[in-house]
Amino acid sequence: MIENIDNNIQLFIMGVCFGFSLYNGVTKRSRSWVLVTLFYAAFFLGSLYWELFYTFRGDTPSKFYVAEFSWYVSYLFLFLFLRYQKNTKKTAVPCRIKWVIPVIAGGLSIYYMTFGQITSNITSALLMSLIGMESVKGLCSDNRKMKQVYVMTLVFFSLEYTLWTLSCIFDEISVSNPYYWVDMMTSLSLFLLCVFVRKALKDEVAL
């Protein structure tokens, strides 16, 4: 029951964010919104596959490469969006603290590898490191309009790793499993990310 509730909440939120970002991408003809749309579309498809598998098979996928690939693609589009917002006219500000991100991602990845899935853990660590480092660099820059987006992206980064860590510790499908509550918080963080992206891009010109 809690699995279905969690999955459907995520699907609903991702669907709303995808529809909203698609509308902005089409009406504003903005490259930034196109990247955001692709991010939410890929994340939505991964979540949809997961929920359909659970609905028809009554269990979570033991081999979830389809969902993983969709999520990896979504991480890549999120990174490209953050990268595209970089102000190339300004001199880069040294930001050594960004290296904390790959240390965290790499360390946890090694822990996750003890449960299997070496390739997928390395892939997710690399992509999430790119997202996290780009967000930290953004906070070190003078790009004020994107500050809330960078912060929420780091919140998403933290929640994802909390979620993956909990999945290694808890495996029961019940309301008492903190995994599902953190997953719902992750979905909420992605909704708030969309809200902050809208605020940051309100003055962006079309392509």
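The values are calculated or read from the model by the stated rules, or taken from the named source; none is laboratory data. This is a predicted model, so every value here is computed, not measured. Please note: Cβ atoms are built from the backbone with ideal geometry, for glycine as well, and neighbour counts cover all protein chains shown.
Pick out the one residue from 43, 115, 64 that is within 20 Å of the chain's Cα centre (by Cα) and at pLDDT 85 or above. Break it down stepwise before answering.
Numbers: 115 fails: within 20 Å of the chain's Cα centre (by Cα); 64 fails: at pLDDT 85 or above.
Just one listed residue meets the conditions, 43.
Considering region 173-189 alone, what residues qualify as being closer than 10 Å to residue 2 by Cβ and without any contact (Cβ under 8 Å) to a residue 40 or more places away in the chain?
Passing the criteria: 176, 179, 181.
In region 125-143, is there at least one residue being at positive phi and either without any contact (Cβ under 8 Å) to a residue 40 or more places away in the chain or assigned to a helix (DSSP H, G or I) (or both)? Break it down stepwise before answering.
Within region 125-143, the subset at positive phi is none.
Checked against the condition, which is being at positive phi and either without any contact (Cβ under 8 Å) to a residue 40 or more places away in the chain or assigned to a helix (DSSP H, G or I) (or both), region 125-143 yields no hits at all.
Within region 2-42, take every residue that is free of Cβ contacts under 8 Å to residues at least 12 places away in the same chain and not β-branched (Val, Ile, Thr) and give me the one that is surrounded by the fewest Cβ atoms within 10 Å (Cβ to Cβ).
Ranking the candidates gives 23 first.
Residue 165: polar (S, T, N, Q) and under 12 Å from the mean Cα position of the chain (by Cα), yes or no? Outline the logic, then answer.
Working: polar (S, T, N, Q): yes; under 12 Å from the mean Cα position of the chain (by Cα): no.
Criteria not met by residue 165.
Answer yes or no: is there a residue in region 159-174 that is modelled with pLDDT of 95 or more and under 12 Å from residue 189 (Cα atoms).
Within region 159-174 (the criterion being modelled with pLDDT of 95 or more and under 12 Å from residue 189 (Cα atoms)), the answer is yes, since at least one residue qualifies.
Yes/no matrix, rows are residues, columns are (1) under 19 Å from residue 197 (Cβ atoms); (2) in a helix (DSSP H, G or I); (3) out of contact with any Phe, Trp or Tyr (no Cβ under 8 Å at 6 or more places or on another chain):
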position	(1), (2), (3)
3	no, yes, no
8	no, yes, yes
12	yes, yes, yes
15	yes, yes, no
26	yes, yes, yes
46	no, yes, no
50	no, yes, no
68	no, yes, yes
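Answer yes or no: is there a residue in region 167-180 that is surrounded by 19 or more Cβ atoms within 10 Å (Cβ to Cβ) and assigned to a helix (DSSP H, G or I). Break it down into steps so the answer makes sense when it comes.
Of the residues in region 167-180, the ones surrounded by 19 or more Cβ atoms within 10 Å (Cβ to Cβ) are 177, 179-180.
Okay, now just the ones that are also assigned to a helix (DSSP H, G or I), so 179-180.
Yes, there is a match, as at least one residue in region 167-180 is surrounded by 19 or more Cβ atoms within 10 Å (Cβ to Cβ) and assigned to a helix (DSSP H, G or I).
Any idea how many residues of region 25-40 are touching a Gly at 6+ places or on another chain (Cβ under 8 Å) and either of a type in the set (Phe, Trp, Tyr) or modelled with pLDDT under 90 (or both)?
1
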